[in-house]
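Trainee: I have a structure here, written as structure tokens, and I will follow up with some questions on it.
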Amino acid sequence: MEGNVIIEESSLTAETEEILIRFSRDWEAEKSCRGYRANTHEDLRDNRVFLAKENGETVGYLFGHTERSKNASSVMPDQTPFFEVEELYVIPSHRSRGIGAALFRYAEEKVSAEAEYIMLSTATKNWKAILHFYLDELDMTFWNARLYRKISPRLQDARED
């Protein structure tokens, strides 16, 4: 990781919430994820928060919470504790510098006493880059995918005939 970046866990203070909400608005404006909307204070409640800071300024975050598995038996037994990463975000000017990976690894280390797995879902439009990041760089295992395709009007018209 380049530069003088420090990764730390943070309490969910009013100041931290405002930073996360501001960054999430920026993320929403990027339109890089399908259906992503900026966070509210309610979205942040009951999550552990990890921040990346450079020269005292926040440049990225990861937040999530511990749950117990259900309906995931193809991966882990029911009731297995896991840490669900809700969001991982790095500001555009600081991307591709290893900050996202450092946030992930730091959070994984900090939650390892309470969780056996770390999991996440993604709705990014740049799925090749995200899969490379999570599979190749962070050594995660692919579990499932949910795909979609809009049915063309021509096929819908053919059904009506």
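Just so it is clear, none of the values below were taken in a lab; they were calculated from the coordinates. Remember, it's a predicted structure, so these values are computed and weren't measured experimentally. Here Cβ is always computed from backbone atoms with ideal geometry, including for glycine, and neighbour counts include all displayed protein chains.
Trainee: For the chain, what is the mean residue ellipticity at 222 nm derived from helices alone (per DSSP H run of n ≥ 4: -39500 (n - 2.57); sum divided by total residues; nearest 500 deg cm²/dmol)?
Mentor: Helix contribution divided over all residues of the chain: -8500 deg cm²/dmol.
Trainee: Taking the beta-carbon count within 10 Å as an exposure proxy, list Thr122, Thr40 from fewest neighbours to most.
Mentor: Ordered by Cβ neighbours within 10 Å, fewest first: Thr40, Thr122.
Trainee: Next up: List the trypsin sites (Lys or Arg not before Pro) in region 1-52 that DSSP assigns to loop (not H, G, I, E or B) and whose Cβ has at most 13 other Cβ atoms within 10 Å. Which are they?
Mentor: When the trypsin sites (Lys or Arg not before Pro) of region 1-52 are filtered for loop state and at most 13 Cβ neighbours within 10 Å, Lys31, Arg34, Arg37, Arg45 remain.
Trainee: Which loop-located chymotrypsin sites (Phe, Trp or Tyr not before Pro) does region 1-72 contain, where loop means any DSSP state but H, G, I, E or B and the Cβ has at most 11 other Cβ atoms within 10 Å?
Mentor: Listed in order of number, the matching sites amount to none.
Trainee: Mind jotting down a quarter of the surface of the convex hull over the alpha carbons of region 1-41, in square nanometres, one decimal?
Mentor: Mean orientational projected area (region 1-41, Cα hull): 4.1 nm².
Trainee: Let's test the formula: R0 of 30 Å, r as the Cβ-Cβ distance of Arg68 and Glu109. What FRET efficiency results, to the nearest 0.05?
Mentor: Once rounded, the FRET efficiency stands at 0.90.
Trainee: Between Glu30 and Trp127, what length comes free when the chain is fully extended (0.36 nm per residue of separation minus the Cα-Cα distance, one decimal in nm)?
Mentor: Contour length minus Cα-Cα distance gives 33.4 nm.
Trainee: Taking N as the number of residues in region 5-160, what is its Cα Rg relative to 2.2 N^0.38 Å?
Mentor: 1.17
Trainee: Can you give the longest stretch of the chain with no exposed loop site, where a site means GluC sites (Glu not before Pro) in a DSSP loop (not H, G, I, E or B) with at most 14 other C-beta atoms within 10 Å?
Mentor: Excluding the exposed sites themselves, the longest stretch runs over 3-113.
Trainee: Based only on other Cβ atoms within 10 Å, what is the fewest-to-most ordering of Ser96, Ser74, Ser69?
Mentor: By the 10 Å Cβ count, ascending: Ser74, Ser96, Ser69.
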